1. For Glu223, which sequence-distant residues (separation of 5 or more, or a different chain) have an amide H within less than 5 Å of its own amide H, given hydrogens modelled in the peptide plane?
2. If I ignore ligands, DNA and RNA and count only protein heavy atoms, how much of Leu263 is accessible to a 1.4 Å probe, in Å² to the nearest 10?
3. Starting from the Kirkwood radius over alpha-carbon pairs of the range 276-345, derive D by Stokes-Einstein at 37 °C in a medium of 0.692 mPa s and give it in µm² s⁻¹.
4. Which Cys residues of the chain have no other Cys Cβ less than 4.7 Å away and so no disulfide-compatible partner by this rule?
5. Report relative contact order for the range 1-83 in percent, whole number only (criteria: Cα-Cα under 8 Å, sequence separation at least 6).
6. So how strong a dipole does the chain carry about its Cα centre when Lys and Arg Cβ are +1 and Asp and Glu Cβ are -1, to the nearest 20 debye?
7. Need one value: the accessible area of Lys173 in square angstrom, 1.4 angstrom probe, rounded to the nearest 10.
8. Suppose the chain between Val203 and Glu345 were pulled fully straight at 0.36 nm per residue; how much longer would it get relative to their current alpha carbon spacing?
Amino acid sequence: MRSAMHQAGAAALTELLKFDPPGPEQRQLPCTCGHTAHYVEPRSKSVLTAVGKAECLRPYYLCDRCNRGQFPIDVQLDIENTELSPGVRRMLAMVGQQGAFDQGRQQMELLAGLSVTTKAVERTAEAIGTDIEMRQQHELEQALQLNLPIPLGPRIPILYVEMDGTSVPVVRKETEGRAGKQDGQPAHTREAKIGCIFTQTTVNEEGYPIRDEDSTTYVGAIETAEEFGRRLYAEAWRRGWSRAEKRVVLGDGAEWIWNQADLHFPEATQIVDLYHAREHLGVVAGQLYPDDVPAQRRWRMVKQNKLDHGQIENLVASLHALERSHRGLAEILQIEANYFEQNKERMRYPEFRRQGFFVGSGVVEASCKTIIGRLKQSGMFWTVRGANAIIALRCC
């Protein structure tokens, strides 16, 4: 039944796509070379549509000077230089951003009854993602030139910016000259940076913050921290950064995050993700009591209580005291003490909670899995260009 309906739809669509020859006054068109293209004849073209293949019969124009042909109807219908209708391209972009390209091909055949190649899914999804990225770059250039839109709309009670990074497997040529995570080993991945922006208006009965529904937008790419910082700044401005009464930047302890926060969001309250900070205590506990899990839990519970209550100076002092009694662990204890010392003002959790702020960066952590996770499936290796196109598509 579906196949018969599609055939009927394609037949009807073919009739709709039969365009009459132009009238006498429409038989000439300007050519890009500066001369005139003249109507030659009607020509047919196969187009794969949402109901199957249809034929489009449209006027053809040719310039005698430069020998360049034109199909004005193709431009109007958005099928210039492609045999896929806009509807099919949207479908291919959807299945292409969702999973492996060959899986997308199978979904198109199963769910839509359309036969396409795996390469068509890949090329279409990446092409639309690239278009989205080009648009974002244009907006970014305007933002850097301070050609920013005038912020209109109501005041925003609290606006959050979160950012993080996660590795993406890439082809060998994308890691040339880059050191791997292990000494002497080449790199096999590149870091994709992801950012999200959302708003908060209220807290629940227990005083915990509630993210505004459908308020989260995302940006991301494999690029330098400086490039990503500018990208995130442009999106924050678009979302109403200048209209926010309170502004918060949340992230883990990565140095690049706070460098970009200081550069682009200097007036914001900076908060280190509480759960990431707790993980650092777990690392120390594992080093102090490697074979005693109950002792690890007891030590971690005591120190975590200090952390949760914002007693960072006390926590740092206790870590320094351990250096003297555990000489073999002095280096790692020094590193962790410095981590808490450098981020102490970003760990005043009781004060943050009193203001009703989030103290965990779960939104961006989840986006690393949901947005970038598509690129980390078994057997996948990406070029930076292809990865960035799919990241842009999934963020959109």
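1. Lys193
2. Near enough 120 Å² of accessible area.
3. Details: Rh = 12.0 Å.
Diffusion coefficient, whole number: 274 µm²/s.
4. Cys56, Cys196, Cys368, Cys395, Cys396 - these cysteines have no disulfide-compatible partner (Cβ-Cβ under 4.7 Å) in the chain.
5. On the way: 122 pairs, mean separation 22.9, N = 83.
Computed over the range 1-83, the figure is 28 percent.
6. Working: 48 positive and 51 negative charges, 86 e Å.
Roughly 420 debye, rounded to the nearest 20.
7. It works out to around 130 Å².
8. On the way: separation 142, 0.36 × 142 = 51.12 nm, distance 2.34 nm.
So the chain would gain 48.8 nm between Val203 and Glu345.
The values are calculated or read from the model by the stated rules, or taken from the named source; none is laboratory data. Just so you know, these numbers come straight off a predicted model, no measurement behind them. Positions of Cβ are backbone-derived with ideal geometry, glycine not excepted, and every protein chain shown enters the neighbour counts. Protein only, heavy atoms only, side chains kept; ligands, DNA and RNA dropped before computing areas. Shrake-Rupley method; radii C 1.70, N 1.55, O 1.52, S 1.80 Å.
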